[in-house]
Amino acid sequence: MPHRSLHIDDVLYQYLMDQSIREHPAQVALRAATASHRYAGMQISPDQGQFMALLVKLLGARRAIEVGVFTGYSALSVALAMPDDGRLLACDISDEYTRVGLPFWSQAGVAHKIDLRLAPAIETLDAQLAAGAAGHYDFAFIDADKTGYDAYYERCLQLLRPGGLVAIDNTLWSGSVARPAEDADTAALQRLNTKLRDDQRVDMSLLTIGDGLTLARKR
Ligand code: CA
């Protein structure tokens, strides 16, 4: 069985950071503001944020969705990568967490690109579909409650245009997806991973960046 020959230890990860990361000062400041948060581990890494920004630029994305904002680093990364008339529909239920990011979105001059909706994401996405927005989006990032992922994926797939991309976070779940599931989150991710592998509506790839990032391009 072929396997990864590259082990990313702390020294190599620091090298990757030093040699490839180009953060906006507001991104650096937002990471610092989140570092002491009890759920700081929920924030995507700078290399993942930069990769997603590259995807957004490759797609020429002007309409994007985020399901699960937390303190707003990924939203900031995506907003910085979009043109001035780009818009990110940012879905979250926590005022407490998202409020951390607001000053940094402003500092970066991208607050006007981020449409924060504090409501269950399914309600926000269904409202978009009901308003006729199916096929109107270029990019979606799903990083929220894992048992909700499949429902978010189905909505985002409808909202994306053909050729649009959905990125799904934590699909390797610290490796636990490879072992018998002992909790609902792991089981949900396992079911979704199998579904995505077999889903002929998309072209897909599961990357080992971060905690596992699945990219699925709508056909
Ligand atoms: Ca995540």
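Listed values, structure above:
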| read-out | value |
| --- | --- |
| ALA188 vs. criteria open to solvent by 30 Å² or more (accessible area, probe 1.4 Å) and of a type outside the set (Val, Ile, Thr) | no |
| Pairs with Cβ under 8 Å, 6+ apart, first in region 137-160 and away from the ligand (no atom under 16 Å from the Cβ), second assigned to a strand (DSSP E or B) and among the acidic types (Asp, Glu) | LEU160/ASP138 |
| Hits in region 55-69 - residues which are open to solvent by 40 Å² or more (accessible area, probe 1.4 Å) and either within 16 Å of the ligand (Cβ to nearest atom) or touching a Lys or Arg at 6+ places or on another chain (Cβ under 9 Å) (or both) | ARG62, ARG63 |
| Test for SER106: is it free of Cβ contacts under 8 Å to residues at least 40 places away in the same chain, assigned to a helix (DSSP H, G or I), surrounded by fewer than 18 Cβ atoms within 10 Å (Cβ to Cβ) and among the hydroxyl-bearing types (Ser, Thr, Tyr) | yes |
| Whichever residue in region 75-98 is open to solvent by 10 Å² or more (accessible area, probe 1.4 Å) and within 15 Å of the ligand (Cβ to nearest atom) and, among such residues, is farthest from MET52 (Cα to Cα) | SER94 |
| Hey, ALA134 within 16 Å of the ligand (Cβ to nearest atom) and either in a strand (DSSP E or B) or farther than 16 Å from VAL67 by Cα (or both) or not | no |
| Meets criteria (surrounded by fewer than 24 Cβ atoms within 10 Å (Cβ to Cβ), within 25 Å of ASP203 (Cα to Cα) and among the hydroxyl-bearing types (Ser, Thr, Tyr)) for SER176 | yes |
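Let's see how each residue does on (1) modelled with pLDDT of 95 or more; (2) surrounded by 16 or more Cβ atoms within 10 Å (Cβ to Cβ); (3) under 27 Å from ALA79 (Cβ atoms):
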| position | (1), (2), (3) |
| --- | --- |
| ALA131 | yes, no, yes |
| GLY148 | yes, yes, yes |
| LEU165 | yes, yes, yes |
| ILE168 | yes, yes, yes |
| PRO180 | yes, no, no |
| VAL202 | yes, yes, yes |
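The values are calculated or read from the model by the stated rules, or taken from the named source; none is laboratory data. Just so you know, these numbers come straight off a predicted model, no measurement behind them. Glycine also receives a Cβ, built like all others from the backbone with ideal geometry; neighbour counts cover every protein chain displayed. With ligands, DNA and RNA removed, areas are computed over all heavy atoms of the protein, side chains included. Shrake-Rupley method; radii C 1.70, N 1.55, O 1.52, S 1.80 Å.
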